[in-house]
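Throughout, read-outs are computed from the coordinates displayed, never taken from laboratory work. Given the structure is predicted, the values throughout are model-derived calculations rather than measurements. As a convention, Cβ positions derive from the backbone with ideal geometry for all residues, glycine included, and neighbour counts pool all protein chains shown.
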Amino acid sequence: MIRTKTINRICTCMAICLVNISATSCSDARADRASGLTVTAEGTPIDYVRFGSRASARIFGVETDIPWHIGVTDSDTAWIKVSPHSGNGWNFSADDAINRESFFRVEVSSNDADEERSTVLTVEAGGLTRDLTVTQSAAGTEYDVAESPVMADATPQTVNVYDFLRDNYGKKVISGVVSYGTLDIRNAEYLHDKTGKYPVINYFDFMHHVHSAPLNPTDWAENYTDMSVPQKWWNDGGIVLFDWHWSVPKNESVKDSFDDCAFYSENNSFSPSRALLEGTWEHDILIRDLDVISGYLLDLQSKNVPVLWRPLHEAAGRWFWWGKEGPDTYKDLWKFMFEYFTQKGLRNLIWVWTGEEPEWYPGDTYVDVLGVDIGVKDHQSVPEKMDLLRSVTSHKICAITECGSIPSIENMQANGDIWSWITPWVGGSDPDSGDNTLEFYISQYNSEMIITRDEVPDLK
C-alpha cells in the first residue's frame, strides 16, 4: 500500500513537472510568435516601391510586436543598401522615432543603364514574413510622358503650356498658389510683395457659379461672366488653373433655389448616376451647369487663354457628391464631361485628374496630368505619392495640386520626386500665418530649381 502511494505521488509530481514544462514551452513559443507584421511608408501598408533613376534614399516602417530582421533576397544588389537589418525601433528623427514602430532606410545608387532593376527585401518576425519589392527606373524613363494634350486640335497656346510642363517635368518645379477667393490673385500679389517674384500658376475656382450671373444676382459673389482677372494673369506671363467645387441642389424640391446648394455628399441627395440619365431632374441640373461653365471656358478660349482644368477632384475620398457612388459612376461622369466639352468646341483645356486611387482613373485618353492633394509637416517630400500615381499610369505628368506645407526642393531632390508644379494654400488674410513662412518662400523662390513667373518663356 505504501509503495503504491509512493508511486502515485511520484507520478503526480512528474505529471505536474511535465505540465509546467509544457506551459513554459508554450509561453516561450507565444513570445517568439508575432501577432502581426506590416511594412509601411508614411504609415500606409505597402509591398512595392519604385525609385527614380537618380541616387536617393527613403525610410520605411516595420509594424510588429517582437524583434524583426530584414534581408535582401537577390545576390546582385550592390546598387541598394539597407540599414539597419534588424531591431525594434530606429531613431532616425528626434521628433518621430518611437519604439512602437521600427524603421529602416533604403538607399539606391544612380541607375545609368537603359533597363530598370529590381530586388526583394524580406522582413521576418516570429515566423511571419513580408516582401517589399524595390524597383528602380532605367535612366531617363521615369518622365516618359505623352507628347501632346488629350484634347483633339488643342489651341496653339494650350500646346505651348503643355510643352512647357513636359519640358520641365523632372527637372524643375513650377511655382503656384491657390487664390484667396475664387476669382482673384491676392495671394499671388502678397507673395510678390514679400519675395519680389510672382508664382507661375494661379489657382481659380468656379465654386460660386450657382450664385453668379446669369443664374443669380452678383451682389456678393464673383461674377464669372467677367474673366478679366484670369485673362490678365495669362497676359502678364502666368498660367491659369481652374478648379470646380461643383455645388448642386440638395434635393429635387429645391432644384430652383440657388441658395440651397452643396458640394459635400453629406449635405445633398444628388445622384451622379441619375445625373447621367436623360429625363431626370439631376440630368437637367448637370446639363445646365455644364452649359454655364463651358461658356466661361469658351470665353477664355476666345481670348487665347489656355486653362489647366481640374474638375471632379478627390473623388476617391467620397466626401464630394461626384464620388459618393463609387469609381465606375465617377469615371462615366468624367468621360461625359470630357465629351460634352469637346462637343461644345473647347480646345483650350489641359485635363488634371486628382483621384489617386487607380480604380478611379478615367484613362489615358481623358487625362493629361495626375494630381495629388497632400498634408505634410516640416516641408517633407512625398515620393510614395508619386509612386502611387505612377502605378496608375507612367505616361502622364504628376503634380501636387493642393497642399499646406510645401515639400522643400532639397527634400524633393533627395527623394527623387520632382513634381511638375505645386499649388499651396496660403494663410487666409495673413498669408505668413500658414504652413509656409515668408522665409521659406523667399528661399524657395530664389532656388534655381523653382520656376517663378519672371522665368516663364512667352507661351502666347
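Please list, in order along segment 172-183, the HN-Hα scalar couplings obtained from phi with the Karplus expression 6.51 cos²θ - 1.76 cosθ + 1.60 (θ = phi - 60°), rounded to whole Hz, x for Gly and Pro.
9, 9, 7, 6, x, 7, 7, 5, 5, x, 10, 9
How far apart, in nm, are two points set 7 Å out from the Cα along the Cα-to-Cβ line at ASP193 and at TYR264?
3.1 nm
Apply 1/(1 + (r/R0)^6) to the Cβ-Cβ distance of GLU252 and ARG318, taking R0 = 22 Å, and write down the FRET efficiency to the nearest 0.05. Spell out each step's value before the answer.
Values: r = 22 Å, r/R0 = 1.00.
Step by step, r from the Cβ atoms, then E = 0.50.
Under a point spin-label approximation (7 Å from Cα along Cα-to-Cβ), what is the ALA55-SER118 distance to one decimal in nm?
2.6 nm
Let a ≥ b ≥ c be the square roots of the eigenvalues of the Cα gyration tensor of segment 339-442; is it rounded (a/c under 1.5), or, if not, prolate (a/b larger than b/c) or oblate? Intermediate results must be reported in sequence, preceding the final value.
On the way: a/c = 2.62, a/b = 1.55, b/c = 1.69.
Taking the square roots of the gyration eigenvalues as a ≥ b ≥ c, segment 339-442 is oblate.
Could you give the length gained by full extension between ALA152 and SER391, i.e. 0.36 nm per residue of separation minus their alpha carbon distance, to one decimal place?
On the way: separation 239, 0.36 × 239 = 86.04 nm, distance 2.59 nm.
Taking 0.36 nm per residue and subtracting the Cα distance, the gain is 83.5 nm.
Check ILE174: other-chain or 5+ apart residues with amide H under 5 Å from its amide H, H built from backbone geometry?
TRP421, ILE422, ILE451
Just order 126-133, 156-163 by mean Cβ neighbour count inside 10 Å, highest at the front, would you? Mind dumping the intermediate values first?
Details: 126-133: 15.9, 156-163: 19.6.
Going from most to least packed, we get 156-163, 126-133.
List the residues whose amide H sits under 5 Å from the amide H of PHE103, counting only those 5 or more places along or on another chain, with H placed 1.01 Å from N in the peptide plane.
Residues meeting the criterion, in which the H sits 1.01 Å from N, are VAL62, GLY89, TRP90.
Can you list residues whose amide H is under 5 Å from GLU222's amide H, if they're 5+ apart or on another chain and H is modeled 1.01 Å from N?
Result for GLU222 returns nothing.
Quick one: what Rg and Dmax do you get for segment 261-353 from the alpha carbons, in Å?
13.5, 39
Using a simple spin-label model with points 7 Å from Cα along the Cα→Cβ vector, what separation in nm is obtained for SER447 and SER109?
Modelled inter-label distance: 2.7 nm.
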